[in-house]
Amino acid sequence: MKKWILSLTLLLVIGVLAACGSNSDEKASNDGKSTKEKVVIGYFPNIDHAPAMVAREKGFYEKALGDKVDVEYRTFPDGGTFMTALKSGDIDAGLVGPGPVINNYFSGADVKIIGGASVGGTVVVASKKSGIDNLSDVAGKTFITPGIGCTHDVQFETSLEDQAIKKLTSSRIGGTLKHVTGNPANYQGMFETGKVDLAAVPEPWASILVKNGAKVIISTDKIAYGKTLPNTVLVTSDKLIKDNKEIAQGIAKAEKEAVDFINNNPDEAQKIAIKSIKDLTKQDMDQEIVKKAMSNITFTSDVDEDVIQKFGQSSYDLKFLKEKPDFTGLVETNL
């Protein structure tokens with residue numbers, strides 16, 4: 001009898017301890033779903049987005065945000081779809097070119113730059129079929145970029161404007177060049193079929209196209225803003241910064257850690273990028289191609305506000321913006 005009472009007592013004690021011993025890191029709602037805060041990070045399968053790939057592979061976001069946060073990832077083909085996801089709340093932060101950022105900020109979107117990721121990496125290349133040997137040959141041709149008004153588009157069209165020859169500009173602003181958009185992973189096929197003649201493209205796709213016979217028309221160091229413009233920036237929303245500054249700080253911290261890792265461990269960073277891009281696009285990247293591509297890019301977490309303003313002026317000059325821009329407050333400096 002006493003043994004039965006003792007057993008019952010032990011069961012009751014165990015039940016009480018189990019009920020009282022739940023850890024805040026393992027909270028669950030009544031339906032069994034985790035109540036951890038979810039943070040979604042977005043990026044592109046491009047070499048200039050390598051900081052996000054490295055941070056994901058190394059778990060830097062998870063480490064910086066802590067055990068109470070679940071980190072998820074989404075990838076995008078262009079800045080337009082990325083910004084749509086950020087504005088709708090489908091993602092909380094991530095890497096994107098400054099072109100879509102300034103266009104959306106100017107139109108009233110809730111977006112803040114909280115760090116840099118990369119500078120450089122945009123190259124203009126022409127297909128073998130195009131007959132283009134230099135910029136003077138591009139009149140009447142078709143060029144492609146990831147998106148209208150994207151970073152690479154503005155860089156290329158600014159370079160065309162610098163030629164001061166009207167026919168060497170986009171038909172959108174009175175020139176003769178036809179502009180189309182598409183995913184850089186598909187440019188090789190479009191070159192082969194003759195659908196497009198030249199592309200303003202980020203790495204590693206530029207180096208891949210060159211390896212397959214394309215010709216460099218404007219190199220990274222010659223294209224407008226090629227040496228100074230943040231080609232990729234880390235963004236989030238002002239709402240997230242105000243509502244949960246610690247989350248925003250953690251995201252910025254993880255990104256900086258990834259940038260430092262790339263600069264200190266270039267060989268391993270290249271392998272991570274190769275694996276990540278293959279997982280996302282099903283394309284095998286040659287290590288020499290990736291090495292060359294990454295050598296065209298400077299990875300840095302710094303952001304030059306003055307260059308962002310000048311780039312915005314170029315977007316206005318190209319009529320992507322309807323009014324002269326003022327980007328005061330776009331870059332968040334208090335993190």
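Taking residues in the range 75-99 that are modelled with pLDDT under 95, and partners anywhere that are in a helix (DSSP H, G or I) and β-branched (Val, Ile, Thr), the pairs with Cβ atoms closer than 8 Å and at least 6 places apart or on different chains are Gly79/Val101; Gly79/Thr151; Gly97/Thr151; Pro98/Thr151; Pro98/Ile308; Gly99/Thr151; Gly99/Val154.
Check Asp70, Asp110, Asp90 and return the single one that is among the acidic types (Asp, Glu) and touching a strand residue (DSSP E or B) at 6+ places or on another chain (Cβ under 6 Å). Talk me through it step by step, then tell me what you get.
On the way: Asp110 fails: touching a strand residue (DSSP E or B) at 6+ places or on another chain (Cβ under 6 Å); Asp90 fails: touching a strand residue (DSSP E or B) at 6+ places or on another chain (Cβ under 6 Å).
Only one candidate passes the filter, namely Asp70.
Just one of the numbered conditions (1) in the same structural domain as Ala52 (by TED's automatic domain parsing); (2) within 21 Å of Pro77 (Cα to Cα); (3) of a type in the set (D, E, K, R) is not true of Glu203: (1). I'm checking my understanding of the structure. Among residues of the range 122-157 that are at pLDDT below 95 and of a type in the set (Ser, Thr, Tyr), which one is surrounded by the fewest Cβ atoms within 10 Å (Cβ to Cβ)? That would be Ser136.
Filtering the range 99-133 to residues that are β-branched (Val, Ile, Thr), under 17 Å from the mean Cα position of the chain (by Cα) and over 20 Å from Ile241 (Cβ atoms) leaves Val119, Thr122, Val123.
What is the residue count in the range 193-247 for residues that are under 17 Å from the mean Cα position of the chain (by Cα) and assigned to a helix (DSSP H, G or I)? Here the count works out to 2. In the range 249-288, the residue that is surrounded by the fewest Cβ atoms within 10 Å (Cβ to Cβ) out of those that are free of Cβ contacts under 8 Å to residues at least 40 places away in the same chain and of a type in the set (S, T, N, Q) is Asn264. Among the residues of the range 168-192, those that are exposed (fewer than 14 other Cβ atoms within 10 Å of the Cβ) and over 22 Å from Asp284 (Cα atoms) comprise Ser171, Gly174, Val180. Remark: pairs (first residue in the range 149-160, closer than 18 Å to Thr81 by Cα; second residue crowded, with 24+ Cβ neighbours inside 10 Å and β-branched (Val, Ile, Thr); Cβ separation under 6 Å; 6+ apart in sequence or on different chains) = His152/Thr122; His152/Thr145; Asp153/Thr145.
Listed by position, the strands (runs of 3 or more DSSP E) inside the range 29-108 whose residues that are small (Gly, Ala, Ser) number at least 1 are 37-43, 93-96. Condition (residue is without any contact (Cβ under 8 Å) to a residue 12 or more places away in the chain and assigned to a loop (DSSP other than H, G, I, E, B)) applied to the range 289-302: is it met by at least one residue? Within the range 289-302 (the criterion being without any contact (Cβ under 8 Å) to a residue 12 or more places away in the chain and assigned to a loop (DSSP other than H, G, I, E, B)), the answer is no, since none of the residues qualifies. Pairs are defined by a Cβ separation below 6 Å, a sequence spacing of at least 6 or placement on different chains, a first member in the range 303-326 that is of a type in the set (Ser, Thr, Tyr), and a second member that is crowded, with 16+ Cβ neighbours inside 10 Å and part of a loop (DSSP other than H, G, I, E, B); the pairs so defined are Ser315/Leu321; Tyr316/Pro325.
The values are calculated or read from the model by the stated rules, or taken from the named source; none is laboratory data. Bear in mind that the values here come from a model prediction, so they are computed numbers and not experimental data. All Cβ positions, glycine included, derive from the backbone under ideal geometry; neighbour counts span all protein chains shown.
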